[in-house]
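This report refers to the structure that appears directly beneath it.
The values are calculated or read from the model by the stated rules, or taken from the named source; none is laboratory data. In this text the structure is predicted, and so the values were computed from the model without any measurement. Glycine also receives a Cβ, built like all others from the backbone with ideal geometry; neighbour counts cover every protein chain displayed. Note: areas computed on protein heavy atoms with side chains; ligands, DNA, RNA excluded. Shrake-Rupley method; radii C 1.70, N 1.55, O 1.52, S 1.80 Å.
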Amino acid sequence: MSTTIATRDKAPRRRGDVIFAGIARGAGIAILVALAGVALFLTLEGFPALGASGAALDGAANFLDYVWPLVFGTLLAAILALLIATPLAIGVALVIAFYTPRRISGVVGYMIDLLAAVPSVVYGLWGIAFLGPQLKPLYQWLEEYLGFLPFFAGPASSTGRTILTASIVLAIMVLPIITAISREIFTQTPQLHMEAAMALGATRWEMIKLSVFPYARSGMVSATMLGLGRALGETMAVAMVLSASGVVTFNLISSTNPSTIAANIALNFPEATGLKVNALIASGLVLFVITFAVNFAARAIVARTERERS
Amino acid sequence: MATITPTPPTPTRSSMHLKTPSLPRWAPLLVIAIAVAASAMLGLLLGWGPVGIAVVAVVLYLVGVPLWSRLVEDGRRAKDRMMTGLVWTAFVLALIPLVTLIWKVVAEGLPQINAEFLTYSMRNVIGDQQGGIYHAIMGTLLVTAWAAIISIPVGIFCGIYLVEYGKTSRLARWITFLVDVMTGIPSIVAGLFAYALFVLFFGEGVRMGFGGSVALSLLMIPIVVRSTEEMLKLVPDELREASYALGVPKWRTVSKVVLPTAMSGIITGVTLAVARIIGETAPLLIIAGKTDGLNMNMFSEPVTTLPVFIYFSYTQPGLPPEAGQARAWGAALVLIVIVMALNLGARAIGKFFAPKKGR
């Protein structure tokens, strides 16, 4: 018995097979090399900025002072965007998975996917020309009645191009990502769990709360984190919508706003020369490390859940 | 022991609840009608805008239905009805941006579209003379084509490696994981990477179309790998085994049996990937740059692409600003049409070439 298996293992390898397998393997390794190359080249070109000061860093004393307000703005905009997008996205995913008949849910899902297809620069146009002016009265109202909160201290922006507007645009852009992943996980909920809940007399909401959410919890967390990764790195919409002045503030509706790393690069790179380029690349490296860590964690959660389920 | 036990009262028809009381099917519709009417009346009297009226109508509905349900049914169903209302509200809220965005782009962009707009470049166009976006359209097509030329072979071969060769090896698991992580790389970081790479060869301030293609392919490869992988996994093992049984070598099996079977899905995935990167702005802003004229040479000098044209035309419109901003809207409409056409095309390909059942 064992001899037949051994001879099959030693079947002669054809040259075509070796070449083809080599190409396939090479393509896989090329991707790893590209990813390593991103980190390597950004470090190479960003390194000189660590010793810089003054004009190249917009007057900041050292690189940390330069990058800290940008990191703050990036995190603030992304977290605000998630606060808006996550409940909406989970609601939309629930509608598609449980509240519409199967015939319609495909079309409905496609409409949400179209949101993801719109280029970011068009969102930027829409944010400046439509959303900002529409939100202006809301900001005035917030300043008037909720001005005692530090978030709405004002004075309200006259253009509507505030960090809150930028976050709303970001929220619209990450919503399809969170929706798509949550929907996928909701529809994987074991049919028996749902039917058992219904058989005990649960209403539809109780069924979702008792059988769907416990099953989908880790998936929802990682969907949110993937959305966070997208919101952190989104460039053009923020660069166009936000009128940034690089301050650190929690005031969400005024005309002086913190900038984000990505928007700062997009706004300054075309005209930058010398050390300024290195400083921008170094800030890009910071952004890369942050998003890489967020995505890494999100994917690790997904992978762990999949291993537990299989 | 034989005491007389009082006979239990015979249940009357009214006390025998076989069915708990519930709201009629049309109840939510009625509440919607009442909420809209009431809020519209109040709004017209007090002078709110349409947005104010809509917000009040939604709030009235979200309060009204659970209240009625609580009176007639019970607390649990009231909660269920409220959550149904909330979930649908979230859905409508999510669709508002899509509708207003498409309406705005069409309304502002359509008047700009004419033959000259599509066939002229911006070279020597001053003020509000008729300019065009021909150079940007060609730039976008060429940069995207080069990105596709790089990404499609690498992506498909990587997918083949993961499904046909690597399977559960340590290398394959790492590649799968890192490809997933790679889908999250910010596009501007991809642009900076291309710049940092090309600056080593061409010196400071390098701008060229091919650099943009390299940056875009960094964003496109993971999408192609993922869709190829998914599609190859769907190919039944019986097909592979039948081919091996005929003595066909593995590489011929993969290229003549497995790939053709999965081809429609792979083409769909590639088209969606192209649709995703054709609208990218940030990396092209960094490395491809901007110019007013047509540049078909991808290996030297800046190339304007549609998204970058939109960005500069709107934020630095020149004088008078209306002319430049109008061109930005026109270009945005063209870009959206291209992206939507690619999306619909991808779905059509998937449907059209899908392996027919019962063949």
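How long are the semi-axes of the equivalent ellipsoid of the protein assembly as shown, taking √(5λ) for every eigenvalue λ of the Cα gyration tensor, in whole Å from largest down? Please list the in-between numbers first.
On the way: eigenvalues 408, 301, 115 Å².
Semi-axes (√(5λ), whole Å): 45, 39, 24.
Show me the chymotrypsin sites (Phe, Trp or Tyr not before Pro) within the stretch B:299-359 that DSSP assigns to loop and that have at most 12 other Cβ atoms within 10 Å of their Cβ.
Working: sites: B:PHE299, B:PHE309, B:TYR311, B:PHE312, B:TYR314, B:TRP329, B:PHE352, B:PHE353; in loops: B:PHE299.
Counting only loop positions with at most 12 other Cβ atoms within 10 Å, the chymotrypsin sites (Phe, Trp or Tyr not before Pro) in the stretch B:299-359 are B:PHE299.
If we count chymotrypsin sites (Phe, Trp or Tyr not before Pro) as exposed when they sit in a DSSP loop and have at most 14 other beta carbons within 10 Å, what is the longest stretch of chain A that avoids them all? Before the final figure, lay out each step's value.
On the way: sites that count: A:PHE148, A:PHE250.
Longest site-free region, per DSSP loop and neighbour criteria: A:1-147.
Would you mind checking B:LYS167/B:LYS250; A:LYS136/B:LYS79; B:LYS233/B:LYS256; B:LYS167/B:LYS256; A:LYS136/B:LYS104; B:LYS256/B:LYS351 for any pair whose Cα atoms are more than 26 angstrom apart?
Details: B:LYS167/B:LYS250 15 Å; A:LYS136/B:LYS79 34 Å; B:LYS233/B:LYS256 16 Å; B:LYS167/B:LYS256 20 Å; A:LYS136/B:LYS104 18 Å; B:LYS256/B:LYS351 22 Å.
Over 26 Å Cα-Cα: A:LYS136/B:LYS79.
For B:LYS256 paired with B:LEU118, estimate the spin-label separation in nm (one decimal), with each label point 7 Å from Cα along the Cα-to-Cβ line.
Label-label distance for B:LYS256 and B:LEU118, simple model: 4.4 nm.
Can you find, among B:TRP68, B:TRP48, B:ILE32, the residue sitting farthest towards the positive end of the charge dipole of the stretch B:27-111, where Lys and Arg contribute +1 and Asp and Glu -1 at Cβ?
Going by the charge dipole, the pick is B:TRP68.
Of the accessible area of chain B, with the probe set at 1.4 angstrom, what percent is carbon plus sulfur?
Numbers: 12510 of 18320 Å².
Within chain B, the accessible surface is 68 percent carbon and sulfur.
So how tilted is helix B:209-234 from the main axis of chain B? Cα-based, degrees 0 to 90, rounded to 10.
50 degrees
Of A:LEU57, A:THR305, A:GLY284, which is farthest along the charge dipole of the stretch A:52-309 in the positive direction, counting Lys and Arg as +1 and Asp and Glu as -1 at C-beta?
In the stretch A:52-309, that residue is A:THR305.
Placing +1 at every Lys and Arg Cβ and -1 at every Asp and Glu Cβ, with all other atoms neutral, what dipole size does the protein assembly as shown have around its Cα centre, in debye to the nearest 20? Walk me through the intermediate numbers first.
Numbers: 48 positive and 33 negative charges, 539 e Å.
It works out to roughly 2580 debye.
Where in the stretch B:18-111 are there trypsin sites (Lys or Arg not before Pro) that are in a DSSP coil and have at most 16 other Cβ atoms within 10 angstrom of their Cβ? Don't skip to the answer; put the middle values down first.
Working: sites: B:LYS19, B:ARG25, B:ARG70, B:ARG76, B:ARG77, B:LYS79, B:ARG81, B:LYS104; in loops: B:LYS19, B:ARG25.
Taking the stretch B:18-111 and a limit of 16 other Cβ atoms within 10 Å, the loop trypsin sites (Lys or Arg not before Pro) found are B:LYS19, B:ARG25.
May I ask you to list, by number, the DSSP H helices of chain A whose Cα span along the axis is at least 18 Å and whose average Kyte-Doolittle hydropathy reaches -1.0 or more?
Numbers: long enough: A:15-46 (45 Å, 1.52); A:63-94 (45 Å, 2.05); A:102-117 (23 Å, 0.94); A:132-146 (19 Å, -0.65); A:163-187 (35 Å, 1.92); A:213-233 (30 Å, 0.56); A:275-309 (51 Å, 0.92).
Length and hydropathy pass: A:15-46, A:63-94, A:102-117, A:132-146, A:163-187, A:213-233, A:275-309.
Hey, got the Cα dimensions of chain B along the principal axes, in Å, largest first?
Principal extents (Cα only, largest first): 108, 73, 40 Å.
If you take the accessible area of A alone plus B alone and subtract the pair, what total do you get in square angstrom, rounded to 100, with a 1.4 Å probe?
Details: alone 17430 and 21890 Å², together 32140 Å².
Counting protein atoms only, the buried area is about 7200 Å².
Once you charge only the Cβ atoms, +1 for Lys and Arg and -1 for Asp and Glu, what is the size of the charge dipole of the stretch A:52-309 about its Cα centre, to the nearest 20 debye? Walk me through the numbers before you get to the answer.
Numbers: 14 positive and 12 negative charges, 128 e Å.
So the dipole magnitude of the stretch A:52-309 works out to roughly 620 debye.
For all pairs of alpha-carbon atoms in the stretch B:82-186, what percent lies in each bin of width 10 Å, listed from the first bin to the last filled one?
Whole-percent P(r) values from 0 Å outward: 11, 19, 19, 23, 21, 6, 0.
Based on alpha-carbon positions alone, could you give the equivalent ellipsoid semi-axes of chain A from the gyration tensor, as √(5λ), descending, whole Å?
After scaling each eigenvalue by five and taking roots: 40, 34, 16 Å.
Only Cα pairs within less than 10 Å get springs; with that Gaussian network setup on chain B, which residue of B:ALA115, B:ALA90, B:ALA275 has the largest fluctuation?
B:ALA90
Compute the acute angle (0 to 90°) between the alpha-carbon long axis of helix B:75-109 and the principal axis of greatest extent of the alpha-carbon atoms of chain B; round to the nearest 10°.
The helix B:75-109 is inclined about 30 degrees to chain B.
For the stretch B:170-295, build the charge dipole from Cβ charges (+1 Lys, Arg; -1 Asp, Glu) around the Cα centre, then report which of B:TRP174, B:SER187, B:LEU216 sits farthest towards its positive end.
Comparing the listed Cα positions along the dipole, B:TRP174 ranks first.
In whole angstrom, how far apart do the alpha carbon centroids of the stretch A:233-291 and the stretch A:52-79 sit?
Cα centroid of the stretch A:233-291 versus Cα centroid of the stretch A:52-79: 8 Å apart.
Would you mind checking the tilt of helix B:170-182 against the longest principal axis of the Cα atoms of chain B, expressed as 0 to 90 degrees and rounded to 10?
80 degrees
Please compute, for peptide B:49-56, the average count of beta-carbon atoms on other protein chains lying within 10 Å of each residue's beta-carbon. Walk me through the numbers on the way to the answer.
Working: counts 2, 0, 3, 1, 0, 0, 0, 0.
Per-residue shielding by partner chains comes out at 1.
To the nearest 500 deg cm²/dmol, what mean residue ellipticity at 222 nm is calculated for the protein assembly as shown from DSSP H runs of n ≥ 4 alone, each contributing -39,500 (n - 2.57), summed and divided by the residues?
Working: 27 runs with 465 residues, N = 669.
That calculation yields -23500 deg cm²/dmol at 222 nm.
Please average, across the residues of B:193-201, the number of beta carbons from any other chain that are within 10 Å of each residue's own beta carbon, and give a whole number.
Working: counts 13, 2, 8, 14, 7, 1, 5, 3, 0.
Counting other chains' Cβ atoms within 10 Å and averaging over B:193-201 gives 6.
Roughly how big is the stretch B:134-353's charge dipole about its Cα centre, with Cβ charges of +1 (Lys, Arg) and -1 (Asp, Glu), in debye to the nearest 20? Intermediate values should be presented prior to the final figure.
Values: 15 positive and 12 negative charges, 97 e Å.
Taking the Cα centre of the stretch B:134-353 as origin, the dipole is about 460 debye.
Only loop residues by DSSP count here, and only those with at most 11 other Cβ atoms within 10 Å; note down the trypsin sites (Lys or Arg not before Pro) in the stretch B:107-188 that meet that. Don't skip to the answer; put the middle values down first.
Working: sites: B:ARG123, B:LYS167, B:ARG170, B:ARG173; in loops: B:ARG123, B:LYS167.
Qualifying residues, ordered by number: B:LYS167.
For Cα pairs less than 8 Å apart in space and 6+ apart in sequence, what is the mean separation divided by the residue count of the stretch B:27-111, i.e. the relative contact order in percent?
22 percent
What does the structure give for B:81-91 when I average, per residue, the other chain Cβ atoms found within 10 Å of the residue Cβ? Show your work: numbers first, answer last.
Values: counts 3, 1, 9, 7, 0, 4, 13, 6, 3, 10, 13.
Mean partner-chain Cβ count within 10 Å for B:81-91: 6.
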